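Heads up: the structure comes next, in structure tokens.
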Amino acid sequence: MANLIGLAVARSEKTGFDVREHGLQGYRGPRLVFYASGETHGWCRKAAELLGLGNSAYRRVAVGADYRIDVPALRTLIKSDRREGMRPFCVVGNAGTINTGATDDLRALARVCQEGGLWFHVDGAFGALAPLSEKLRSVVQGIEEADSLAFDLHKWMYLPFEVGCVLVRDAEAHVRTFAAKQDYFGDAERGVIGGGLPFAERGIELTRSFRALKVWMSLKAHGVAAYARLIEQNVAQASYLAELIGRERDMELLAPVALNVVCFRLRPRGVAEAELNALNKEALLRVQESGVAVPSSHGAGREVFDARGDYESSQPA
Ligand SMILES: *Cc1c(COP(=O)(O)O)cnc(C)c1O
């Protein structure tokens, strides 16, 4: 929802068309397109569809061996799309991808957006909270340049589901995208609806639950420093796990451990490459069913299991 809101503001601000009044049914301009790496979470496709842009408007940009967006490839694609008469309006960057925890070069993406007059949205579901830690701040540098930033407090703030959050730099652009005067609320300056921050004018929901209460209470009770410690601890756990896997003869890492995601697989000696997928899938399901832990697999058990080992090679796995 938070990411959808960010992309919705981008669509209403950067397409040069009153999309709120006419919808995309009334749009006769150049084809609207936006960019994100193929490693971006599934929200991106859903949002493209729900906003009437269509899945094909989401241009999947290649990633490098480190699973970060290939910035030169992005520039080339934007250029060729423009040449073909399309209208790029937004770039989505990742601060901690769902698959590998990779963070795109956010500074470079911000530059691409500035130069091209594009909206810069960042999916920081995990990564947006990294700057709470001095040590981790540099991992997501450039995040502060986003026009909109979405993140989840039910992840690294360990709050109960669900409490997503979006920050939009330009408050007026945010309200321009969603405000709709509702007669039944009137315009009272005073009384129960006077003042405050009408959230219905900043998102999709009208009546909504008081999700912010648990966030505020938790921050009051534990303080920001406690969260910084927990985040650092989690990143340390991930690198410790990577270190243990590195020492195992029959396991291998499949991606660099940039933040808190560790991608690995079993690779026992003597087992043929073609059998590794089935072996890993079975092991994964057994661990899940044992109730001990719930590791996940990338791409419904496809891509990671198919990945060919060496992430240090220049070819993306
Ligand atoms: C979890 C996650 C999402 C989706 O958030 P939900 O809380 O499942 O709605 C989007 N992007 C990334 C990178 C995530 O980790």
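Quick notes
- Residue list for region 230-244, restricted to those being without any contact (Cβ under 8 Å) to a residue 60 or more places away in the chain and either under 15 Å from TRP156 (Cα atoms) or not in a helix (DSSP H, G or I) (or both): GLN233, ALA236, GLN237
- First in region 195-222 and assigned to a helix (DSSP H, G or I), second anywhere and loosely packed, with under 15 Cβ neighbours inside 10 Å and of a type in the set (Ser, Thr, Tyr), Cβ under 9 Å, 6 or more apart: ALA200/THR207; SER218/TYR158
- Enumeration of residues in region 115-130 that are more than 16 Å from the ligand (Cβ to nearest atom), part of a helix (DSSP H, G or I) and in contact (Cβ under 8 Å) with a residue 12 or more places away in the chain: GLY116
- Taking (1) within 30 Å of THR15 (Cα to Cα); (2) open to solvent by 60 Å² or more (accessible area, probe 1.4 Å); (3) within 16 Å of the ligand (Cβ to nearest atom) in turn, TYR158 satisfies each apart from (1).
- Count - residues of region 230-255 that are over 22 Å from the mean Cα position of the chain (by Cα) and either surrounded by 14 or more Cβ atoms within 10 Å (Cβ to Cβ) or assigned by TED's automatic domain parsing to the domain that holds GLU134 (or both): 6
- The lone exception for ARG111 - which of (1) open to solvent by less than 30 Å² (accessible area, probe 1.4 Å); (2) within 23 Å of ASP170 (Cα to Cα); (3) more than 15 Å from the ligand (Cβ to nearest atom); (4) modelled with pLDDT of 95 or more it fails: (1)
- Residues (under 22 Å from ILE98 (Cβ atoms) and in contact with a Phe, Trp or Tyr (Cβ under 9 Å, 6 or more places away or on another chain)) located in region 264-283: ARG265, ASN277, ASN280, LYS281
- Residue match in region 76-90 (condition: within 14 Å of the ligand (Cβ to nearest atom) and closer than 18 Å to GLU145 by Cα): no
Every residue, every condition in (1) within 13 Å of the ligand (Cβ to nearest atom); (2) more than 23 Å from HIS298 (Cβ to Cβ), yes or no:
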| residue | (1), (2) |
| --- | --- |
| PHE34 | no, yes |
| HIS41 | yes, no |
| LYS46 | yes, no |
| LEU51 | no, yes |
| ASN55 | no, no |
| TYR67 | yes, no |
| LEU74 | no, no |
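- Residues of region 69-96 satisfying the condition of being among the small types (Gly, Ala, Ser) and part of a strand (DSSP E or B): GLY93, ALA95
- For ALA150, the stated conditions do not hold, so it cannot be described as in contact with a Gly (Cβ under 9 Å, 6 or more places away or on another chain), assigned to a loop (DSSP other than H, G, I, E, B) and in contact (Cβ under 8 Å) with a residue 12 or more places away in the chain.
- Subset of region 166-177 (residues that are surrounded by fewer than 19 Cβ atoms within 10 Å (Cβ to Cβ), among the hydrophobic types (A, V, I, L, M, F, W, C) and outside any helix (DSSP H, G or I)): LEU167
The values are calculated or read from the model by the stated rules, or taken from the named source; none is laboratory data. All figures in this text were calculated on a predicted structure; none of them were measured in a lab. In this analysis, Cβ positions are derived from the backbone assuming ideal geometry, glycine residues included, and neighbour counts consider all displayed protein chains. Quick note on the areas: whole protein, heavy atoms, side chains included, nothing else; ligands and nucleic acids left out. Shrake-Rupley method; radii C 1.70, N 1.55, O 1.52, S 1.80 Å.
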